[in-house]
1. Out of the residues in segment 1-31 that are aliphatic (A, V, I, L, M) and open to solvent by less than 20 Å² (accessible area, probe 1.4 Å), which is farthest from MET103 (Cα to Cα)?
2. Exactly one condition in (1) farther than 19 Å from LYS105 by Cα; (2) touching a strand residue (DSSP E or B) at 6+ places or on another chain (Cβ under 9 Å) is false for VAL61; which is it?
3. Which residues, taken from segment 91-116, are of a type in the set (Val, Ile, Thr) and either in a loop (DSSP other than H, G, I, E, B) or surrounded by 18 or more Cβ atoms within 10 Å (Cβ to Cβ) (or both)?
4. Tally time: how many residues in segment 71-90 are under 14 Å from ALA58 (Cβ atoms), open to solvent by 70 Å² or more (accessible area, probe 1.4 Å) and not basic (Lys, Arg)?
5. Being outside any strand (DSSP E or B), in contact with a Leu (Cβ under 9 Å, 6 or more places away or on another chain) and either at pLDDT 95 or above or within 17 Å of PRO14 (Cα to Cα) (or both) is true for just one of LEU83, LEU78. Which residue is that?
6. Can you name the residue in segment 32-66 that is among the β-branched types (Val, Ile, Thr) and more than 18 Å from PRO85 (Cβ to Cβ) and, of all such residues, is surrounded by the most Cβ atoms within 10 Å (Cβ to Cβ)?
7. Residue check, THR119 against (1) within 15 Å of SER17 (Cα to Cα); (2) open to solvent by less than 60 Å² (accessible area, probe 1.4 Å); (3) in contact with a Gly (Cβ under 7 Å, 6 or more places away or on another chain); (4) among the polar types (S, T, N, Q), all met but one. Which one?
8. Could you pull out the residue among PHE46, PHE68, PHE36 that is at negative phi, modelled with pLDDT under 95, in a strand (DSSP E or B) and not charged (D, E, K, R)?
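The values are calculated or read from the model by the stated rules, or taken from the named source; none is laboratory data. Just so it is clear, the model here is predicted, and its values are computed rather than measured. Note: ideal-geometry Cβ built from the backbone for every residue, glycine included; neighbour counts use all protein chains shown. For accessibility, only protein heavy atoms count, side chains too; no ligands or nucleic acids. Shrake-Rupley method; radii C 1.70, N 1.55, O 1.52, S 1.80 Å.
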Amino acid sequence: QVELVESEGGLVQPGGSLRLSCAFSEADRRYDIGWFRQAPGREREFVAAESGLLTTYADSVKGRFTIFRNIGKNTRYLQMNNLKPQDTAIYYCVAGQPTFATMNKTDAWDYWGQGTQVTVSS
């Protein structure tokens, strides 16, 4: 079982920034890491994912969100800039071994974090 520990989200004004982190154990470094989100009344949707040196983003966040790692630490980050009210959702860190073509599919990921609330509002 892979344990994913997410940082707290928070309340941010439109146009603001927030960074989420996802920590995992040394034994789980072989897994790819991604992020999904779910807004109230909506289905869970893909945000971003990393596999080795490759990253992929949903069109809705491209250019605003960046997934990156801290070299030497078992942590991945999701830097979110220029946040919009429509980014309000529970964000989930995920781990697994999807193919690049399936990274945006919820069922391609094996492990999910507990989720953290991000609210963008003035």
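1. Only one residue fits best here, namely VAL12.
2. Tallying (1) farther than 19 Å from LYS105 by Cα; (2) touching a strand residue (DSSP E or B) at 6+ places or on another chain (Cβ under 9 Å), VAL61 fails exactly one: (1).
3. VAL94, THR99, THR116 - these are the residues of segment 91-116 that are of a type in the set (Val, Ile, Thr) and either in a loop (DSSP other than H, G, I, E, B) or surrounded by 18 or more Cβ atoms within 10 Å (Cβ to Cβ) (or both).
4. The qualifying residues number 1.
5. Step by step, each of LEU83, LEU78 is checked, and only LEU83 is outside any strand (DSSP E or B), in contact with a Leu (Cβ under 9 Å, 6 or more places away or on another chain) and either at pLDDT 95 or above or within 17 Å of PRO14 (Cα to Cα) (or both).
6. Within segment 32-66, the subset among the β-branched types (Val, Ile, Thr) is 33, 47, 55-56, 61, 66.
Add one more test, that the residue is more than 18 Å from PRO85 (Cβ to Cβ), and what stays is 33, 55-56, 66.
Details: ILE33: 27, THR55: 14, THR56: 17, THR66: 16.
Out of the qualifying residues, it is ILE33.
7. (3)
8. Working: PHE46 fails: modelled with pLDDT under 95; PHE36 fails: modelled with pLDDT under 95.
Residue meeting the stated conditions: PHE68.
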